[in-house]
Amino acid sequence: MLLYALTIFTSAFLLFLVQPIMAKQILPWFGGSAAVWTTCLVFFQFLLLAGYAYSDWTTRRLAARMQVGLHVALLALSLVLLPIIADAAWKPDGDDDPTWRILALLTLTIGLPYFLLSTTGPLVQAWFARTFPAGTVYRLFALSNFGSLLALVSYPFVVEPWITTLQQSWIWSGAYATFVVLCIGSALYSVCALPRTVPTVDAVAAANGSPAPRPGDYAMWLLLSAMGSFMLLAVTNHITHDVASVPFLWILPLTLYLLTFILCFEGRGWYQRHIFLGPLLVIVGAMAWGLHAERGVMDIKEAIPLYSIGLFVMCMFFHGELSAIKPAPRYLTGFYLMVSLGGALGGVSVGLVASRVFNTYYEFGIGLVVTLLLAAYATRAMRPVVPMLAIAAVGFAGYNVYHYIEMLSKDARVMTRNFYGTLRVKDVGAETERDAVRRLMHGVIMHGEQFLAPERRSQPTTYYGESSGIGRAIKLVNTPSVRVGVVGLGTGTLATYGRPGDVYRFYEINSEVVDIARREFTFLSDTRATIETVLGDARLVMEREPPQNYDLLVIDAFSSDSIPVHLLTREAMAVYLKHIKPQGVIALHVTNRFLMLAPVVKRIADEYGLHAALITDEAEDNSDLSRTDWVLVSRDKALLSRPEIAKYASEIENIPRLRVWTDDYNNLFKILK
């Protein structure tokens, strides 16, 4: 029992740990965008499904010794791929879509080890059931989810802050070799050793004597597991995009999701339908009401507990019902295959399909209604009042979801969604009012606004006022004609500073932002400067470009929690220095509610012998502007010592033992406010 348990726990821990290790390793090569993470997750999700399919097929089709022989051979072969360090030859060298390159890289670097790790849960449980026919095999499934949960929590708080990505790869490779030894031991034990006690005929019959699953059982396994995965991603999207942009907040929903698997399959009856049904109806209704309460803007202290507890209760319902209809151990590989397929379908529905079908996060509200419909179906055999209450809850949730969708559509001039998230353009105030503005929102983050009054349209707003760090930097490089590079377009507000002869070159990764900036705002069309827009990840583009000789290079991409770390490393600074003149200035917008980014910039600047000045603008004299923090970096100390900068500069606070961020190392946990 201990050998099987150690094998399953180790495999689950390594399975979840390798995902961020590999993704972080290749992130800077492919632009550091969310697309890299998503491509990696799609790869891992479908390889997991392939592993479950392999386990099911070999268990049903191959004799025990043949199955073990095949698996041991594959385990031995996988050691050849260690260590899991991606070859630099995979770095992209053109403007082509990197998706297939990433998939090929992952396949050749980690494909076979990850595939074998993904087979371990169902395969070893099948071996256990064969060796101990009367054993409680599904507790091993709970143990597997505990291992995954432990890896999930340990990576951002224990592994990432202290160990470089390269070291992580070597350590993981050593741990994988240990897993191979454990798995081979389990495989050989399953065919060579006899159980210590021979179970009675009655015990074996009780454990394996249930009838074969029917098509309806397979459908319910698929549906319940799909809804768990669907709501996990839907709730995560909602709280991280529409409630609060808080670092590490994505960990909470996934932790709760895995915890429900542990509780429901641990075997001690943590889930009881009659206990969870009432709270499920109430809290799902409350979540639906919260979508449009106070026009959809709930206080974070209320919203996070509501949606987190709601996700926990929903997943307890999905996984509890799933556990209640699990088959006899001899059918467990088919059961796990359906669970894996359902998880993949739920993930694809939210991650790939919804982003192409919906123009905002409608799937969250739809998922709430479907959850209550499932609850009504599950309670159809109970007292009539129970399914009636469930149907009433469906109506209440549906009413609130409908008004939520109506509210979003009514307020927005533009509402669009693509791989990078949702964008909304809305007018605040009547068009005839002097203070009326048009605003661009990305989730809960404002990406710029413009006054609607014609006489105020060219006035810089939000983070870009004349008293801000960037406003002062533009005055600092005020030569007859300036060349300015800007990473992050937003609404194009900085173009208001443009003069005849100036060139403003904007780098933007999201094509929708470029379209909206040109169609809904007039900063780019009204400016007297020459405007250039470059589509793609700024760092990748600048690495390939010849030196641009910028007087000023603006890095404006760090206002949310999901900061593109590859733009804030020692290697990134080398790229920036390549493109600015000897007396040029690099201005980094480090305003962030949750992260102290200025000390990170200073450590990198110190590494290159550069000089840095922090300009904090409280914007107390102008209510049209936002409070901002900008760090100005230059080779020229005298430039930053000029009175127009030195008078407003403040010292950058040091963070004890803060290491220089590189493409191989960063630590968000260290810089949390």
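Projecting label points 7 angstrom from Cα along Cα→Cβ for residue 89 and residue 41 puts them 3.2 nm apart. Placing a label point 7 Å from the Cα of residue 618 along the Cα-to-Cβ direction, the residues of region 649-667 whose backbone N falls under 18 Å from that point are 649-653.
Specify whether the C-alpha gyration tensor of region 437-671 places it in the rounded, prolate or oblate class, a ≥ b ≥ c being the square roots of the eigenvalues: rounded for a/c under 1.5, otherwise prolate if a/b is larger than b/c and oblate if not. Write down the numbers at each step before the final one.
Numbers: a/c = 1.34, a/b = 1.33, b/c = 1.01.
Note, shape of region 437-671 comes out rounded.
Between the helical axis of 34-61 and the longest alpha-carbon principal axis of the chain there is an angle of about 10 degrees.
If we count other beta carbons within 10 Å of each Cβ, what is the order of 270, 100, 172, 127, fewest first? Please list the in-between numbers first.
Working: 270 18, 100 10, 172 21, 127 24.
In order of increasing Cβ crowding within 10 Å: 100, 270, 172, 127.
To the nearest 10 degrees, how steep is helix 300-324 against the longest Cα principal axis of the chain, on a 0 to 90 scale? In the chain, helix 300-324 runs at an angle near 20 degrees to the longest axis.
Mind running the shape call on region 278-398? Use the C-alpha gyration tensor, a ≥ b ≥ c as the square roots of the eigenvalues: rounded below 1.5 for a/c, prolate if a/b tops b/c, oblate otherwise.
It is oblate, given that a/c is not under 1.5 and a/b is not larger than b/c.
Multiply the residue separation of residue 79 and residue 214 by 0.36 nm, subtract the distance between their alpha-carbon atoms, and state the gained length in nm to one decimal. Numbers along the way, then the final one.
On the way: separation 135, 0.36 × 135 = 48.60 nm, distance 4.00 nm.
Contour length minus Cα-Cα distance gives 44.6 nm.
Summary value for region 353-418: 46 percent relative contact order, contacts being C-alpha pairs under 8 angstrom separated by 6+ residues. The mean sequence separation of alpha-carbon pairs under 8 Å and at least six residues apart, normalised by the residue count of region 250-394, gives a relative contact order of 28 percent. Sorted ascending by nearby beta carbons within 10 Å, beginning with the fewest, 499, 472 become 499, 472. Placing pseudo-labels 7 Å out from each Cα toward the beta carbon at residue 658 and residue 593 gives an inter-label distance of 2.1 nm.
Overall, the chain carries a charge dipole of about 1660 debye about its Cα centre when +1 sits on the Cβ of Lys and Arg and -1 on the Cβ of Asp and Glu, all other atoms neutral. Between residue 157 and residue 499, the FRET efficiency from the beta-carbon distance, with R0 = 56 Å, is close to 0.70. Contact order for the chain, expressed relative to its length and based on alpha carbon pairs under 8 Å spaced 6+ residues apart, stands at 12 percent.
Residues in region 349-362 carry Karplus couplings, in order, of 4, 7, x, 10, 6, 4, 5, 9, 9, 9, 9, 7, 7, 6 Hz; the curve used is 6.51 cos²θ - 1.76 cosθ + 1.60 with θ = phi - 60°, and Gly or Pro positions show x. Exposure proxy ranking for 647, 578, 91, 24, based on other Cβ atoms within 10 angstrom of each Cβ and starting from the fewest, stands as 647, 578, 91, 24. Only helical DSSP H runs with n ≥ 4 go in: add -39500 (n - 2.57) per run for the chain, normalise by residue count and round the 222 nm mean residue ellipticity to 500 deg cm²/dmol. My calculation for the chain gives -17500 deg cm²/dmol from helical runs alone.
Helix 598-607 versus the longest principal axis of the chain: what is the Cα-based angle in degrees, 0 to 90, to the nearest 10? The angle comes out near 80 degrees. Test of understanding: what is the full-extension gain from residue 57 to residue 72, defined as 0.36 nm times their sequence separation minus their Cα-Cα distance? Once the chain is fully extended between residue 57 and residue 72, it gains 3.8 nm.
None of the figures in this text is laboratory data; all of them are computed from the coordinates on show. Remember, it's a predicted structure, so these values are computed and weren't measured experimentally. Cβ coordinates were reconstructed from backbone atoms using ideal geometry, including for glycine residues, and neighbour counts include every protein chain displayed.
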